[in-house]
Structures are given as structure tokens and as C-alpha cells.
1. VAL147 is checked against (1) closer than 30 Å to VAL326 by Cβ; (2) within 18 Å of the chain's Cα centre (by Cα) and fails just one. What number does that condition carry?
2. Only residues in the stretch 2-31 that are over 21 Å from ILE130 (Cα atoms) count as the first member; pair them with residues that are of a type in the set (Val, Ile, Thr) and open to solvent by 40 Å² or more (accessible area, probe 1.4 Å), Cβ under 8 angstrom, at least 6 apart or cross-chain, and list the lot.
3. Any idea which residue in the stretch 70-98 is farthest from LYS400 (Cα to Cα), counting only those that are assigned to a helix (DSSP H, G or I) and in contact with a Gly (Cβ under 7 Å, 6 or more places away or on another chain)?
4. Quick one: count up the residues across the stretch 41-61 that are of a type outside the set (Ser, Thr, Tyr), under 19 Å from ILE3 (Cβ atoms) and surrounded by 14 or more Cβ atoms within 10 Å (Cβ to Cβ).
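The values are calculated or read from the model by the stated rules, or taken from the named source; none is laboratory data. Since the model is a prediction, treat every value here as computed from it, not as a measurement. Every residue, glycine as well, gets a Cβ built from its backbone with ideal geometry; the counts of neighbours run over all protein chains shown. For the accessible areas, the whole protein counts, side chains as well, though only heavy atoms, and no ligand, DNA or RNA atoms are used. Shrake-Rupley method; radii C 1.70, N 1.55, O 1.52, S 1.80 Å.
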Amino acid sequence: MNILVINAGSSSLKYQLLNPESGELLAKGLCERIGIDGKFTYKPQIEGKEVLDAVDVAMPTHSEAIQAVMNALVDEKNGVVASMKEIDAVGHRVVHGGEAFNKSVLITDEVMKALEDCIPLAPLHNPANITGINACTAVMGADVPQVAVFDTAFHQTMPAEAFLYGLPYEAYTDLMVRRYGFHGTSHKYVAGRAAAMLGKDASELKLISCHLGNGSSVTAIDGGKSVDTSMGFTPLAGLPMGTRAGDLDAGILEFLMNKYGMDIKEMVSILNKKSGVQGVSGVSSDFRDLENAFKDGNDRAGLAVDMFNYGVKKLIGSYAAAMGGVDAVIFTAGVGENGGHNRANITSGLEFMGIKIDAEKNKIRGEEIDISAEGAAVRTLVIPTNEELMIALDTAALAK
Ligand code: ADP
């Protein structure tokens, strides 16, 4: 069985063709500058097949982009499947499912309507996802099953005490303002892998999953269910991130807008694009750059990383309290998987709650590994995330 996984943005579209049963990746790539000057990248994973790197392909709309993907995948010389018939289903990453979706769903007319209803919650992302789905229908036909996999769905198990804000209740009942959480596909995937590594059923475990990348979120997972998470109504909440501010005192907004003479649009743009570790360091949003700058004597770069690590440590403590304990802490995504210094800093001082890592094991990269020190009561696991595989697995299960 082969599943095409699509992550559609407003002017770009990432794709992977993979076999969910074996986990084998057949090809991946990217359509960029859709509606502008169309650049197409195709990376077949089979030896001897030719890579296309940002070549010019006219893509006035997402339909031409999907057509370009199809042409490349079935190409006689460099394709990875003989025909479109060998693509059994399509899985779409959809950012926001609101309260309508607590799991992945087969796409129907009704589902499309519900996705439209979620647009106010993710005005930049959901329209692009809808366009991606329509483009696949146009190119592949209505008979190929398509599945929507939501970033928010895994967190729909949060209890009201965790998802409500301290606002007038009507903000929730009339306008759906609440914590939704994101990165759900990643948190779900690594939680499943953690259970496999520990040889236990997810229902027996209390896990804290730290997805630390450009965007970062931490999730408390009790018995396989998300019970709290650090992102909120939007992905701007929680930790200070690459360029996003994370949680802050809402009173700061009025103060800064008055002082700098900014409107709310400019304020939100600063919170999304000029804040976080980029804003504090003045150097970069990339944690590798920050580490290098600190080594070269830039203390603000060091401070930005310290703030980030401290934020993760506090979330681990609070989520252990929320669940009444923790069996394992998981590190995943760019920083979580690679940032040995970050992991060491985040976990130092948590020995009192049974968390202690082994310095040698903490150096190993790129594989699933238990980096706990001998005798530690709580396991610390590094698990490379694979959102595309998770999407393909959900898609295969629903398409069958
Ligand atoms: P995204 O959220 O865009 O998917 P990733 O999960 O790819 O992001 O994470 C990107 C982040 O991972 C970058 O800030 C990058 O610096 C960081 N990263 C990658 N390698 C390392 C490393 N060796 N040490 C620390 N951070 C790293």
C-alpha cells in the first residue's frame, strides 16, 4: 500500500510517498512559489533515479502543483510507481480541526463543510489545506480516498479545566476561544513509540512529550491521552520559540502598542516573527547559531537558550504535578533530537523527581534511544519524530 502525504501551505506544498506497512519512503519533495514562478523539487529515494532541485514548473494553482507531483512519481524513467493506480490514498495534514474533530477522518462533503467552518480559527492555514484537498480531487479523481489528519485532534481529550482560559465564558461558548494545542500528530507518534520502547501499553503510562523545534510545545499524556499542552488557541502560546514570543502578560500588548505607536497587526507580527530566542538574542532563531554565538562570547545568545530550557523544565515539573507523576520524558524534533546541551540543561536539577540522564548516551544522535542514567526512576527518551509516517498510518487505517 502506498500513501501520498500532503502538507499544503498557501504558496507551497510538501509531499511524501510512503508505504505505511514497511515505513519505506519512496519519494519526497516540495512545490514552492505556487501562483508565482513555480519551483519544483523531487527526491526519489530509489538508487539511480534523478533528483529535481527547484526546477521551473508552471504552477499557477495547487492543481498544477499536484499534477507535477503525479507526473514525477509515475515518470517512466525517474518515477517510483508505475501508475497513479499504485497510490492507494492521500493523507492531508490539516492544521485546525476545532472541536469538530478528535481524530483523523475520511474526507467527505460534510467534512469539507466542517473544515470551512474551522477557517476563522486558522485563517492562514486551513484555506490552504482545503485548496490542497480540492487539487488532489481534481487531479486524482473522487475515487481515491483522502484523509484529513489534524494537528489539533490529539489534544481534544484535554479536560475543560486545562483548555479553558480565564475569560468571560461566552468567549468559549460563542466564539470557541479555548486552548486547542498543536503538534498533535508528532506528540501522538512519539508517545506510541515510547510505549513500544518501554514494552508497555500506552494506557499504563504517564508521558511528557517535548517537541522542540522552530515551533515548540510540551504535552502531558496520561494513559495515551493528551491532558494538557503548552500551545493554546494559536501556536503562539507556551514556550518562547525560534521567533514566537510564547506566553506573556497580555497587559504588555497595550503598553508596547502605546509606546511604539503600533496597531494590533504590527504587534502580533512582532510576537510571531521578531520575538522568542531570536528577539532575546538579537542573533538568530536557529539554536545552532545561538550555541556558536555563545561560544564566541555573546551572552545574550546564551541567555536566550537558558530562557528556552528553563521554560521546558518548568513545563515538565508542572505536567508531572498535573498527572500525579511521570514515567518517561520524551525529547523530539530538531532541538529535542539533536540538542544534547539543551537536554542536559533541561533535565539538570530534576533528579529530585527521578529524572537523570547519562552523559555518554546523551551524545548519540539520530536514533531512538533511552538516555536515562542507570537507576533513574523516570526514563528519558530521545525519539525522532515522523509526522508523515503517522499521517500515512492513520490514512491507511481509514482508507482500508
Ligand atoms: P520545525 O519546527 O521547523 O519543523 P525542526 O524540528 O526541524 O523545526 O527544528 C529546527 C531547530 O532544530 C532549529 O532551531 C535548529 O537549530 C535545531 N537543531 C538542529 N540541529 C541541532 C543541533 N545539533 N543542536 C541544537 N539544535 C539543533
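1. Failed condition: (1).
2. LEU26/ILE46; ALA27/ILE46
3. Here is the first cut: in the stretch 70-98, the residues assigned to a helix (DSSP H, G or I) are 70-74, 84-86.
Filter once more, keeping what is in contact with a Gly (Cβ under 7 Å, 6 or more places away or on another chain): 72-73.
Working: ALA72: 26, LEU73: 22 Å.
Looking at the filtered set, the residue picked out is ALA72.
4. Going through the stretch 41-61, the residues of a type outside the set (Ser, Thr, Tyr) turn out to be 43-60.
Okay, now just the ones that are also under 19 Å from ILE3 (Cβ atoms), so 43-46.
In the following step, the residues that additionally are surrounded by 14 or more Cβ atoms within 10 Å (Cβ to Cβ) were identified as 43-45.
Number of matching residues: 3.
Residues are listed down the side, and each one gets a yes or a no for (1) at pLDDT below 95; (2) near the ligand (Cβ under 10 Å from one of its atoms); (3) part of a helix (DSSP H, G or I); (4) touching a His at 6+ places or on another chain (Cβ under 7 Å):
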position: VAL283; (1), (2), (3), (4): no, no, no, no
position: ARG288; (1), (2), (3), (4): no, yes, yes, no
position: ALA304; (1), (2), (3), (4): no, no, yes, no
position: MET307; (1), (2), (3), (4): no, no, yes, no
position: GLY311; (1), (2), (3), (4): no, no, yes, no
position: LYS314; (1), (2), (3), (4): no, no, yes, no
position: GLY317; (1), (2), (3), (4): no, no, yes, no
position: ILE330; (1), (2), (3), (4): no, no, no, no
position: ALA344; (1), (2), (3), (4): no, no, yes, no
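Quick grid of which residues meet (1) in contact (Cβ under 8 Å) with a residue 24 or more places away in the chain; (2) more than 20 Å from VAL382 (Cβ to Cβ):
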site	(1), (2)
ASP299	no, yes
LYS313	yes, no
VAL326	yes, no
ASP358	no, no
